[in-house]
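Input: a single structure, listed below in structure tokens.
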């Protein structure tokens with residue numbers, strides 16, 4: 001896959017910001033309520049960093065499409081099979097809440113849909129091929145998202 005999830009996330013983040021600039025009349029969350037978005041954003045970033053750290057610790061590639069060398073099932077992988085994507089989706093949601101524009105909420109939704117329909121199925125097939133029954137047992141036990 002040529003376009004990597006971080007590029008998609010960054011593009012969607014920029015589009016959220018631009019939507020807010022272009023359509024300020026669609027702001028649905030104002031101050032101080034929008035500050036909750038900071039907490040949501042930081043929660044997403046923390047989840048993503050935690051999952052990233054576990055990949056690095058176990059010396060397995062983080063880039064989608066590369067062959068995994070180790071099946072990470074600790075930390076956030078005990079409650080979601082995709083903590084990095086969940087973290088990015090959560091961070092995008094937090095950013096949307098912070099800027100408070102109705103159109104910005106399309107970003108986390110689009111990221112989730114693209115990951116769920118394109119990237120995750122591809123990665124799951126790869127994991128099944130490499131780790132076989134071990135991954136299938138994990139997949140049966142742990143939900144894709146939450």
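Calculate for the chain the 222 nm mean residue ellipticity that helices alone would give, adding -39,500 (n - 2.57) per DSSP H run of length 4 or more and normalising by residue count, nearest 500 deg cm²/dmol. The partial results should precede the final answer.
On the way: 6 runs with 87 residues, N = 146.
Roughly -19500 deg cm²/dmol at 222 nm, from the helical runs in the chain.
Rounded to the nearest 0.05, what FRET efficiency do residue 21 and residue 118 give with R0 = 22 Å and r taken as the Cβ-Cβ distance? Could you check?
0.15
Taking 8 Å as the Cα distance limit and 6 or more residues as the minimum spacing, I'd like the relative contact order of the range 22-124 as a percentage. The partial results should precede the final answer.
Details: 127 pairs, mean separation 41.1, N = 103.
Dividing the mean separation by the residue count of the range 22-124 yields 40 percent.
What does the chain give for Rg and for Dmax, in Å, if only its C-alpha atoms count?
For the chain, the Cα radius of gyration and maximum Cα-Cα distance read 16.5, 53 Å.
Using only the alpha carbons, work out the radius of gyration and Dmax of the range 90-136 in angstrom.
Both quantities, over Cα of the range 90-136: 15.3, 45 Å.
Top mean-square fluctuation among 87, 132, 44, Gaussian network model of the chain, C-alpha springs under 10 Å?
The residue that fluctuates most here is 132.
Considering all projection directions equally, how large on average is the shadow of the alpha-carbon convex hull of the range 1-43, in square nanometres? Spell out each step's value before the answer.
Numbers: hull surface 16.0 nm².
So the mean shadow area of the Cα hull is 4.0 nm².
Quick note: the coordinates plus some simple rules give every number you see, no bench work behind them. All values derive from a computational prediction rather than experimental measurement. Note that each Cβ is placed from the backbone with ideal geometry, even for glycine, and that neighbours are counted across all protein chains shown.
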